[in-house]
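Everything below concerns the one structure shown next.
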Amino acid sequence: MRVKICGITSYEDAMTAIKAGADALGFVFYEQSPRYISPLEARNIIKKLPPFVEKVALFVNSDAQIINSYCQEAGATLAQIHFEAPQKLYEQLFVPYIKVIRAKEAKDIEQYSDEYRLVDAYCESYGGSGKRLNLEWFDGIDCSKIILAGGLDASNVSSLKKYGFYGVDVSSGVEISHGKKDVFKVREFIKNAKQQVLIDDK
């Protein structure tokens, strides 16, 4: 199971996640978020990172020009679109992207079922709320293209094994405070998520 650590605001936290085995890091380009980081600040972190780690830029209510520009400036490799965007916006993007479903009810999680997508619990604010989805919604669903977010931490990520999610995305569940990661929580979360792959391969 692949792991994304979101809400990165420092080089130290980025390297903690990478050394623990993170596959992707998330940078929040949404100014109302307590985890906001500017494209320039993100660039100063990203340019020092080792290769083969996905650098994901999170956007809320932005237009295609802003998304393209910020990703280029920061050196992000993937845009995470955290709002209901028209198809025209996706057609104008020059960067790879992933759509986010903010699920209110079970039927929502089957949107974009032919695409890799991130599924999070709906809340009025965007991202990092720590609100959990009802896992029963995923019973009988092909989860192989779903990245699950919302209310995850080291104590519950192991319970996701049976669903076969492509990956998990965590922010508040591995923090000391908004935007500041807890080294122990990050390591435990990634260890518990990755152990499932080893178990499944037996």
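The values are calculated or read from the model by the stated rules, or taken from the named source; none is laboratory data. None of the values given here were measured: they were computed from a predicted structure. Virtual Cβ from ideal backbone geometry, glycine too; neighbours counted across all protein chains shown.
Only one entry of PHE94, PHE52 meets the criterion of being farther than 25 Å from GLY173 by Cα and surrounded by fewer than 18 Cβ atoms within 10 Å (Cβ to Cβ), and that entry is PHE94.
Counting only residues that are buried (at least 18 other Cβ atoms within 10 Å of the Cβ) and within 20 Å of ILE98 (Cβ to Cβ), region 19-49 holds 15 of them. Among the residues of region 155-187 satisfying the criterion of being more than 17 Å from the chain's Cα centre (by Cα) and among the hydrophobic types (A, V, I, L, M, F, W, C), which is farthest from CYS6 (Cα to Cα)? Once the filter is applied, the top-ranked residue is PHE184. Among residues of region 44-56 that are on the phi < 0 side of the Ramachandran plot, those with a Cβ under 6 angstrom from a residue that is part of a loop (DSSP other than H, G, I, E, B) and at pLDDT 95 or above, sequence gap 6+ or separate chain, pair up as ILE46/GLY75; GLU54/THR77; LYS55/ALA76; LYS55/THR77.
Yes or no, residue by residue, for (1) touching a Cys at 6+ places or on another chain (Cβ under 8 Å); (2) outside any helix (DSSP H, G or I); (3) within 25 Å of LYS55 (Cβ to Cβ):
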position	(1), (2), (3)
LEU118	no, yes, yes
ILE141	no, yes, no
LEU148	no, yes, yes
ASP153	no, yes, yes
PHE165	yes, yes, yes
ASP169	yes, yes, yes
GLY173	no, no, yes
ALA193	no, no, yes
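Pairs linking a residue in region 63-91 that is touching a residue at least 12 places away in the same chain (Cβ under 8 Å) to a residue that is polar (S, T, N, Q), with Cβ atoms under 7 Å and 6 or more positions apart or on different chains, are ALA64/GLN92; PHE83/ASN61. Among the residues in region 84-95, are any of a type outside the set (Val, Ile, Thr) and in contact with a strand residue (DSSP E or B) (Cβ under 6 Å, 6 or more places away or on another chain)? There is no residue in region 84-95 that is of a type outside the set (Val, Ile, Thr) and in contact with a strand residue (DSSP E or B) (Cβ under 6 Å, 6 or more places away or on another chain). Within region 10-23, restricting attention to residues that are within 14 Å of the chain's Cα centre (by Cα) and touching a residue at least 60 places away in the same chain (Cβ under 8 Å), the residue that is nearest to ASN44 (Cα to Cα) is ALA17. Take the residues in region 55-66 that are buried (at least 20 other Cβ atoms within 10 Å of the Cβ) and in contact with a strand residue (DSSP E or B) (Cβ under 8 Å, 6 or more places away or on another chain), then tell me which one is farthest from VAL119 (Cα to Cα). Among residues in region 55-66 that are buried (at least 20 other Cβ atoms within 10 Å of the Cβ) and in contact with a strand residue (DSSP E or B) (Cβ under 8 Å, 6 or more places away or on another chain), the one farthest from VAL119 (Cα to Cα) is LYS55.
What are the pairs with Cβ atoms under 9 angstrom where one residue, in region 135-154, is farther than 13 Å from ASP114 by Cα and touching a residue at least 24 places away in the same chain (Cβ under 8 Å) and the other, located anywhere, is in a loop (DSSP other than H, G, I, E, B) and among the basic types (Lys, Arg)? Sequence gap at least six, or different chains. Final answer for the pair search is GLY150/LYS131; GLY150/ARG132; GLY151/LYS131; GLY151/ARG132; LEU152/ARG132.
Of all residues in region 67-91, those being over 20 Å from ASP169 (Cα atoms) and crowded, with 19+ Cβ neighbours inside 10 Å number 4.
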